[in-house]
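Novice: Mind looking over this structure? Questions follow.
The values are calculated or read from the model by the stated rules, or taken from the named source; none is laboratory data. Since the structure is predicted, the reported quantities are computational estimates derived from the model, not experimental observations. Reconstructed Cβ throughout: ideal geometry from the backbone, glycine too, with neighbour counts over all protein chains shown. The protein model used for the area step is the full one, side chains on, heavy atoms only, and it has no ligands, DNA or RNA in it. Shrake-Rupley method; radii C 1.70, N 1.55, O 1.52, S 1.80 Å.
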Amino acid sequence: MGELQIMGRSVSRRGFLGTAAAAGLASAATMAGCSSNAAPGTGASGGTAGKGPITWASWANPGEADAYKKVTADYTAKYGNKVVWQQVVGDYQTKILTQLAGGSAPDAFYVGDGQMAPMINSGKLTALDDFLASAASPLKLADVHPGLLEWCKSKDGKLYGVPVDSNPKVFWFNKGLLEQAGVTTDPAAQFAAGTWNRAALDDLLTKVKATGKRGMVVEANWFDLFSLVTTFGGKVLSDDGTKVIFDTDPKAMDTFAWLFDHFAAGTITYGGSLPKGQGVDALFLGSQLATIQYGRWILPNLRKLKNMQYDIAPMPSEDGKTIMPVAVYCAAMAVQTGAKDSQAALEFLGRYVNADGQKARLAGGGNAVPAVKGIDDIVLEGGLPANAKVFNEVATKGWAIPLPIARSAKVSTNFGTETDKMIKSGIGAKDFATKLAAFINAGG
């Protein structure tokens, strides 16, 4: 879907969203069994199924394109619908909105976390509440991790999308680099001992810097900045979730001051200061960065490295032993109001995002984490990383894109650029928080 400008350089947003990996696609049974115990040609509990044709669309890299073609073929074979997948190249949001306005949009399609509000505002998305509450739905909404749903809702509470999977922020670390730096107890072991707190992270970062390597990079996005706030007990949002309050929350402000102190000391690198073309993931994969706070999307590339020992832990917390709620990247599936056979399109959505659908797409070493309950074992396959169970624990507790960002196209589009300008200006932590909160709450 094009690229997102973060810290002055392009980063694949598809990489952030981390939806179903081609490598993780199951073989012949990709969509098998995805409507509970219903027989083909019936609804999940015996209701009348939509048998009409279905078109669906998403962004995709080459490997994912092959995966989605297989999903499509398997669905047609199992349920009898003629299904066609369309790859959208370029400006994904603009192209889908143009198709919706012109009556040529696919029946169902992916929606990125910063795209839901414009899609809902178009008036062309189908509210899913009634269908998901019906006997015909292959998905029980209660199975979806609740913190991942709010961004898919309109201001009046109606639901217009369901996450296809998720990518929670975890603390990856290069075991070899930490050992070289003299970090004798790694973050996973410290978490198990209840000592994985800010002081432990400070010690790690100081020791790694002394080796000439980078310890940690923080980028100009809500995923990084706000996760630090919440993992250390601060508040990002008001109780109703409609505005940010981190600029007035004492713990949040303490975290920003801590972060800016690390920027000044060079123990945490600001991503926007990296040389042009030097990606954070490339630094970690190249053993030039000791830790990286990303989701599961980097696992396929890590699997290719034979000599690198790595693992994950939750983000550090105040007490050193609690997994705190942090950010989770998501994309959702939605259905348009003009679908050729709305029942067929809705059933397709349900089967695509329910436990069976997510299991089929993520099995075998995928690059995302289930957004639903009951299939936690998927991320344990292959035993990499050793503490892979952390993915599920963080996804269960985590939160998706904050509503003040998700519901403003200007904020979601310009967040990285504005944040980058502020940090590069040499602004202090207090002024940074004040100006960033004002930018978000004003809607950009």
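Novice: Scan region 124-132 and give yes if some residue there is under 27 Å from N221 (Cβ atoms) and in a helix (DSSP H, G or I), otherwise no.
Specialist: The answer is no; no qualifying residue exists.
Novice: Does any residue of region 346-364 turn out to be outside any helix (DSSP H, G or I), touching a residue at least 24 places away in the same chain (Cβ under 8 Å) and under 30 Å from N174 (Cα atoms)?
Specialist: yes
Novice: Something else: Looking only at region 404-422, filter to residues that are open to solvent by less than 30 Å² (accessible area, probe 1.4 Å) and free of Cβ contacts under 8 Å to residues at least 40 places away in the same chain; which one of those is farthest from G241 (Cα to Cα)?
Specialist: M422
Residue-wise test of (1) of a type in the set (D, E, K, R); (2) within 18 Å of the chain's Cα centre (by Cα).
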{"site": "V218", "(1), (2)": "no, yes"}
{"site": "F223", "(1), (2)": "no, yes"}
{"site": "K251", "(1), (2)": "yes, no"}
{"site": "D254", "(1), (2)": "yes, no"}
{"site": "W258", "(1), (2)": "no, no"}
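Novice: Another question about this same structure. Quick check on region 339-361. Is at least one of its residues in contact with a His (Cβ under 7 Å, 6 or more places away or on another chain) and either open to solvent by less than 10 Å² (accessible area, probe 1.4 Å) or within 23 Å of D66 (Cα to Cα) (or both)?
Specialist: No: zero hits.
Novice: Next up: If you go through region 138-196, how many residues are more than 25 Å from W222 (Cα to Cα) and open to solvent by 50 Å² or more (accessible area, probe 1.4 Å)?
Specialist: Qualifying residue count, region 138-196: 12.
Novice: How many residues are hydrophobic (A, V, I, L, M, F, W, C) and either part of a loop (DSSP other than H, G, I, E, B) or within 30 Å of G350 (Cβ to Cβ) (or both) if we restrict to region 149-190?
Specialist: 9
Novice: Moving to a separate point now. Among (1) outside the structural domain of V372 (by TED's automatic domain parsing); (2) within 19 Å of the chain's Cα centre (by Cα), where does D113 come up short?
Specialist: Result: D113 fails condition (1) only.
Novice: Here's something else I'd like to know. Looking at this structure, is D239 in contact with a Ser or Thr (Cβ under 8 Å, 6 or more places away or on another chain), open to solvent by 40 Å² or more (accessible area, probe 1.4 Å), of a type in the set (D, E) and closer than 29 Å to L403 by Cα? Full working, then the answer.
Specialist: On the way: in contact with a Ser or Thr (Cβ under 8 Å, 6 or more places away or on another chain): no; open to solvent by 40 Å² or more (accessible area, probe 1.4 Å): yes; of a type in the set (D, E): yes; closer than 29 Å to L403 by Cα: yes.
The answer is no for D239.
Novice: Okay, next question. Being in a loop (DSSP other than H, G, I, E, B) and either farther than 18 Å from A339 by Cα or in contact with a His (Cβ under 6 Å, 6 or more places away or on another chain) (or both) is the requirement here; does P138 meet it? Break it down stepwise before answering.
Specialist: On the way: in a loop (DSSP other than H, G, I, E, B): yes; either farther than 18 Å from A339 by Cα or in contact with a His (Cβ under 6 Å, 6 or more places away or on another chain) (or both): yes.
Here the answer is yes, as P138 does meet what is asked.
Novice: Please find, within region 302-322, the residue that is most open to solvent (accessible area, probe 1.4 Å) out of those that are part of a loop (DSSP other than H, G, I, E, B), touching a residue at least 24 places away in the same chain (Cβ under 8 Å) and within 19 Å of E393 (Cα to Cα).
Specialist: Let us first name the residues in region 302-322 that are part of a loop (DSSP other than H, G, I, E, B), namely 304-309, 314-322.
Next cut, touching a residue at least 24 places away in the same chain (Cβ under 8 Å) only: 308-309, 314-321.
Subset that is within 19 Å of E393 (Cα to Cα): 314-321.
Working: P314: 2, M315: 10, P316: 1, S317: 2, E318: 104, D319: 68, G320: 0, K321: 134 Å².
Per the criteria, the residue is K321.
Novice: Taking the condition of being surrounded by 15 or more Cβ atoms within 10 Å (Cβ to Cβ) and either in contact with a His (Cβ under 9 Å, 6 or more places away or on another chain) or assigned to a helix (DSSP H, G or I) (or both), how many residues in region 78-111 meet it?
Specialist: Summing the residues that are surrounded by 15 or more Cβ atoms within 10 Å (Cβ to Cβ) and either in contact with a His (Cβ under 9 Å, 6 or more places away or on another chain) or assigned to a helix (DSSP H, G or I) (or both) in region 78-111 gives 9.
Every residue, every condition in (1) in contact with an Asp or Glu (Cβ under 8 Å, 6 or more places away or on another chain); (2) modelled with pLDDT of 95 or more; (3) of a type in the set (F, W, Y); (4) over 18 Å from G428 (Cα atoms), yes or no:
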{"residue": "G215", "(1), (2), (3), (4)": "no, yes, no, yes"}
{"residue": "E219", "(1), (2), (3), (4)": "no, yes, no, no"}
{"residue": "T230", "(1), (2), (3), (4)": "no, yes, no, yes"}
{"residue": "G233", "(1), (2), (3), (4)": "yes, yes, no, yes"}
{"residue": "D239", "(1), (2), (3), (4)": "no, yes, no, yes"}
{"residue": "P250", "(1), (2), (3), (4)": "no, yes, no, no"}
{"residue": "G266", "(1), (2), (3), (4)": "no, yes, no, no"}
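Novice: Can you tell me how many residues within region 253-301 are touching a strand residue (DSSP E or B) at 6+ places or on another chain (Cβ under 7 Å), open to solvent by 30 Å² or more (accessible area, probe 1.4 Å) and polar (S, T, N, Q)?
Specialist: 2
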